[in-house]
1. What's the carbon and sulfur percent of the chain's accessible surface, probe 1.4 angstrom, rounded to a whole number?
2. Please list, in chain and number order, the residues 5+ apart from F106 or on another chain whose amide H is under 5 Å from its amide H, with Hs placed from the backbone.
3. Find the accessible area per residue for the chain; the probe is 1.4 Å, ligands and nucleic acids are left out, and the unit is Å².
4. Angle, helix 36-83 long axis vs. longest principal axis of the chain, Cα atoms, 0 to 90°, nearest 10?
5. What ranking do 72-81, 33-42 get when scored by the average of other Cβ atoms within 10 Å per residue, highest first?
6. Which of the trypsin sites (Lys or Arg not before Pro) found in segment 95-140 are loop residues per DSSP with 15 or fewer other Cβ atoms within 10 Å of their Cβ?
7. At 0.36 nm per residue, minus the direct Cα-Cα distance, what do T40 and V14 gain on full extension? Give it in nm, one decimal, please.
8. Using a 7 Å offset from the Cα along the Cα-to-Cβ direction at both S120 and T74, what is the distance between the two label points in nm, to one decimal?
Amino acid sequence: MIPWSRGDVVRLTVGVAAGGILVAMAWNGTATRSRLDDQTGFIVLGVAGFLVAVFAQSLWLKRGRRAVAAYAATVQTTVAALADQPPTAPVRAGDGLVATAGIRHFHRSDCPIAAGRGWSSEPRRSHEAAGRTPCGICAP
């Protein structure tokens, strides 16, 4: 998930660049003036440039925070929906449990982790002999 669109990144870049240009102009203006009265306008310009850059960054962060919060709400809704599902029936002795070489757990064939993967079905004792343990999600 990327919380920012290209437009958000462009707006950030333009805002920070504009603020940087204003600060650079202020720096150049104050460097060529020796009296404080002559430098005051450039100091104000430098502060304004700094504030423009900070404002652009704060808008960018606010947009990212909103996007992450929306994504978190989606994930929480999905998890809550999964938690509300009734538990599956226990595995009977004749039912096969699935796994494949190189994984640590064996699963029910309807487990969200194993569904649709085409793993081979074997009895529990075969998986346990291979050193696999039961999945913590489907609890076979």
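The values are calculated or read from the model by the stated rules, or taken from the named source; none is laboratory data. Just so it is clear, the structure is predicted and the values come from calculations on it, not from any experiment. We place every Cβ from the backbone using ideal geometry, glycine too, and count neighbours over all the protein chains shown. All accessible areas refer to the heavy atoms of the entire protein, side chains included, with ligands and DNA or RNA removed. Shrake-Rupley method; radii C 1.70, N 1.55, O 1.52, S 1.80 Å.
1. Carbon-and-sulfur percentage of accessible area, whole number: 63.
2. For F106, whose amide H was placed from the backbone, the distant partners under 5 Å are T133, C135.
3. Numbers: 10030 Å² over 140 residues.
Per residue, the chain has an accessible area of 72 Å².
4. Roughly 10 degrees between the two axes.
5. The most tightly packed comes first, giving 33-42, 72-81.
6. R104, R117
7. 6.8 nm
8. Roughly 3.9 nm, to one decimal.
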